[in-house]
Structure formats: C-alpha cells, structure tokens
Amino acid sequence: MTNNNFPEDYRFSYSALTLYEQCPYAFYCKYIKGLPDKPNFFSQYGTFMHFLLEKFAKGKSSSDEILQEYIKDFNKYVTELPQKADLRWSYFDKGFSYLEGFDGFSGEIYDVEKKFDIIMGGINLTGFIDLVLERDNKLIIMDHKSTAITSIRPKAKIEKAQRQLYLYSAWVFSAFGRMPDELIWNCFRDGKEVVVKFNIDDYNKTIDWMKDAVNRIQNEIEWSKIDNGYFCHNICSYLNNCGGYFSEN
Ligand code: SF4
C-alpha cells in the first residue's frame with residue numbers, strides 16, 4: 001500500500017524519475033497536478049534539432065534540406081530567449097556548423113524516435129528512443145543531446161545520464177533479442193559523440209535505481225522544493241507555481 005495511488009497502468013518515464021530527483025515539487029506540478037510545460041529557449045532548440053534529425057533519419061529530407069530548413073525556420077520554432085541573449089546566436093551557430101558538416105549517421109538505422117512501453121522490474125515504463133542503429137556489427141542506442149559535451153563527460157555525470165539509455169536497453173533487448181553493445185550521446189553542438197560500452201552491472205544498477213525512485217515517488221508526502229539555481233530560473237516550468245524565491249546562481 002502506498003500513499004500515492006497511481007493507476008495500475010500508470011507509466012513512468014526516465015524524464016519523470018529524474019525530474020522527481022531534481023525537485024519533487026516540480027514532479028508534483030507536472031505529473032500529479034498535470035500543469036503544462038512552459039516553453040523555454042533550451043527545450044525549443046533541442047526539440048527543433050530533434051525534429052530535423054528525425055526527418056533525415058526517416059528519409060523524409062536530405063542533409064542539405066534539413067540545413068536549409070534550419071536556417072529558414074529557426075526563428076519560427078525557437079521563439080523564446082535565453083537569459084543571456086547572445087547564447088541564442090551561439091546555439092544557432094553551433095547547430096548550423098553541425099548540420100553544415102552533417103552527411104548522415106554512419107551505420108544501418110533500425111528505429112527512429114521509437115516510442116516504447118515495457119514492463120521492467122514490475123514497473124510500467126515508457127520512453128522515446130532517438131535512434132537504434134547497427135554500426136560495425138555493434139547494436140547502438142543513440143540519443144541526440146543539445147547539452148555541451150563537457151556537461152556529460154565527467155564520470156559522475158555519465159553515471160547519472162547513462163541511466164536513460166540503460167532503461168532503453170530493456171526495450172532493445174525485447175525487440176532485438178540482445179542488449180545494445182554501445183550507448184551513444186550525439187552531442188551535436190560540439191559535433192562529437194560520447195560512447196559508453198554496455199555493461200551489465202550498470203544496467204542492473206539502473207533497474208535498482210528505477211525501482212527505488214518509483215518507490216519513493218509512490219510514498220512521497222512532502223513534495224519538497226529544491227533550489228536548483230540556474231535550472232529554476234531558466235528551465236523549470238513551475239517557477240511561478242512554487243514561489244520562485246531561489247537564488248539565480
Ligand atoms: S523552480 Fe526550482 S524549486 Fe520551483 S518547482 Fe522548479 S525546480 Fe522546483
């Protein structure tokens with residue numbers, strides 16, 4: 001018996017679990033109260049780049065066409081401003097450089113923006129996988145990331161970030177009969193990939209982390225607000241709901 005009765009068919013996602021860990025109150029606003037997301041520059045930019053890369057990977061547009069679309073529609077899709085206005089052009093330039101040099105994903109593409117629902121460790125899990133592909137006989141899960149490579153590479157950050165792709169590995173196993181060989185972040189703003197070799201111990205640790213997080217959510221009663229500094233003021237959709245009195249650092 002838990003304090004929070006989620007319906008039996010409720011599906012958790014990696015984003016929901018990480019939002020809870022970042023700030024239980026933000027989770028409460030989004031997933032319990034159902035308050036809408038507020039668009040911000042970073043989410044719009046990431047969504048636009050994903051949209052273009054998805055079009056290419058599905059064979060709907062060539063690499064040159066997505067570059068032209070990027071130039072033509074950037075202002076249409078990315079309408080919000082970052083707090084530091086010059087970031088907008090630095091992000092634009094890096095996206096432009098990436099797409100200008102982009103000539104496709106090396107390897108054979110199997111799935112693009114794949115929505116999956118799976119039961120994992122007794123928990124209903126849902127998610128979207130940007131790309132599943134095979135390269136040099138290696139099965140790969142690839143995730144496009146707009147964040148800088150330096151914010152993923154440090155060991156402690158990889159250990160957290162890789163949980164997403166380990167959760168996706170369970171679906172890959174169910175669909176392909178084998179675990180992926182590599183988990184890759186396509187850090188397109190830097191034009192580089194960060195590669196993690198699949199490791200069964202880390203996969204099992206991720207299942208344990210997921211079960212623990214779901215258990216804490218189901219028994220949560222306080223829904224505390226956590227000062228996340230920059231995230232609160234630039235990314236979180238619920239600053240106005242929670243009072244927004246935190247520092248901006
Ligand atoms: S603004 Fe900060 S404290 Fe408020 S809900 Fe968002 S993450 Fe939590």
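Test SER90 against the criterion of being among the small types (Gly, Ala, Ser), under 20 Å from PHE231 (Cβ atoms) and under 18 Å from the mean Cα position of the chain (by Cα), and give yes or no. The answer is no for SER90.
Screening the candidates PHE188, PHE173 for the property of being within 26 Å of LYS114 (Cα to Cα), among the aromatic types (Phe, Trp, Tyr) and surrounded by fewer than 20 Cβ atoms within 10 Å (Cβ to Cβ) yields one hit, PHE173. Just to be sure, is ASN204 in contact (Cβ under 8 Å) with a residue 24 or more places away in the chain, exposed (fewer than 14 other Cβ atoms within 10 Å of the Cβ) and away from the ligand (no atom under 16 Å from the Cβ)? Spelling it out, it is not the case that ASN204 is in contact (Cβ under 8 Å) with a residue 24 or more places away in the chain, exposed (fewer than 14 other Cβ atoms within 10 Å of the Cβ) and away from the ligand (no atom under 16 Å from the Cβ). Checked against (1) charged (D, E, K, R); (2) in a helix (DSSP H, G or I); (3) within 19 Å of the chain's Cα centre (by Cα), LYS114 passes all but a single condition, namely (2). Go through the stretch 1-33 and count every residue that is touching a residue at least 60 places away in the same chain (Cβ under 8 Å) and of a type in the set (D, E, K, R). Looking only at that region, the number is 4. Among the residues of the stretch 192-200, at least one is in contact with a strand residue (DSSP E or B) (Cβ under 8 Å, 6 or more places away or on another chain) and either loosely packed, with under 14 Cβ neighbours inside 10 Å or touching a residue at least 60 places away in the same chain (Cβ under 8 Å) (or both). Does TYR45 satisfy the condition of being at pLDDT 95 or above, closer than 30 Å to ILE140 by Cβ and either within 17 Å of the chain's Cα centre (by Cα) or in the same structural domain as LYS157 (by TED's automatic domain parsing) (or both)? Criteria met by TYR45.
The values are calculated or read from the model by the stated rules, or taken from the named source; none is laboratory data. Just so you know, these numbers come straight off a predicted model, no measurement behind them. So basically every Cβ, Gly included, is an ideal-geometry build from the backbone, and we count neighbours across all protein chains shown.
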